[in-house]
1. Confirm whether Asp101 is surrounded by fewer than 19 Cβ atoms within 10 Å (Cβ to Cβ), acidic (Asp, Glu), under 28 Å from Ala27 (Cα atoms) and modelled with pLDDT of 95 or more.
2. Select from region 55-71 the residues that are over 14 Å from Pro10 (Cβ atoms) and in contact (Cβ under 8 Å) with a residue 60 or more places away in the chain and list them in ascending order.
3. Among the residues of region 147-161, write down those that are of a type in the set (A, V, I, L, M) and open to solvent by 60 Å² or more (accessible area, probe 1.4 Å).
4. Identify the residue in region 111-123 that is more than 12 Å from the chain's Cα centre (by Cα) and touching a residue at least 24 places away in the same chain (Cβ under 8 Å) and, among all such residues, is least open to solvent (accessible area, probe 1.4 Å).
5. With the requirement that a residue be aliphatic (A, V, I, L, M), over 20 Å from Leu118 (Cβ atoms), open to solvent by less than 60 Å² (accessible area, probe 1.4 Å) and outside any loop (DSSP other than H, G, I, E, B), what does region 1-56 give you?
6. Looking at Gly160, Gly83, Gly153 in this structure, which one is outside any loop (DSSP other than H, G, I, E, B) and modelled with pLDDT under 95?
7. Condition test on Thr2, is it closer than 15 Å to Arg72 by Cα and at pLDDT below 95?
8. May I ask you to list pairs of residues, at least six apart or on different chains, whose Cβ atoms are under 9 Å apart, with the first in region 135-146 being free of Cβ contacts under 8 Å to residues at least 24 places away in the same chain and the second being part of a helix (DSSP H, G or I) and surrounded by 14 or more Cβ atoms within 10 Å (Cβ to Cβ)?
Amino acid sequence: MTSLTIREIPAAELDALTPALSGILHACVLGGASVGFILPFTEGEAAAFWQGLRPGLETGGRRLLGAWLGERLVGTVQLLLAGPPNGRHRAEVAKMLVHPDARQRGIGRALMTAVEALARTEGRTLLLLDTGSDEGRALYRSVGFQTVGDIPGYAIHVDGSALATTILYKHLTGSTTGNYGS
């Protein structure tokens, strides 16, 4: 079995990894993932999305993790850290993507475990995320996220139809009040 490795992707590696990242995003969108894009969607648009992350990666307000099976990049997740002074205890999980060819191997779960560990090292005690995917909801609930609720028609699905979005959260301390220290 090919080994799974998860590590942070710094801004300095963005250019070299953009083709692989774009391939993942493009395949996920073509496969129906509602992650902010609608059809038609090109690999060029995917590449522009990844390149647009550079400022946030350089400042540290956005962190990008990648999952490799052997030498192949097959998944990503982002942690958004920027926030107002009264919200620096929380972070948002965004764009958790696993290439359709690499699913059902525990990669999504491993990415979620890694992004949670990264959030903890950044002193965050509350994670938020949203998803329109039934598959995503099941994964996120299985790793301890709680549902806030659904917003009907929040997004447009890749096929142009209205899509409900589910908002979820997870307290990393196990406390319902969180740890809001400095």
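1. Yes; evaluated as a whole, the condition is true for this residue.
2. Ala67, Trp68, Leu69, Gly70
3. Val148, Ile151, Ile156
4. Once the filter is applied, the top-ranked residue is Ala119.
5. Ala20, Leu25, Ala27, Val29, Ala46, Ala47, listed by residue number.
6. Checking each option against the conditions leaves just Gly153.
7. The answer is yes for Thr2.
8. The qualifying pairs are Glu135/Gly108.
The values are calculated or read from the model by the stated rules, or taken from the named source; none is laboratory data. Keep in mind it's a predicted model, so treat the numbers as computed, not measured. Virtual Cβ from ideal backbone geometry, glycine too; neighbours counted across all protein chains shown. Areas reflect the complete protein model, heavy atoms only, side chains present, ligands, DNA and RNA absent. Shrake-Rupley method; radii C 1.70, N 1.55, O 1.52, S 1.80 Å.
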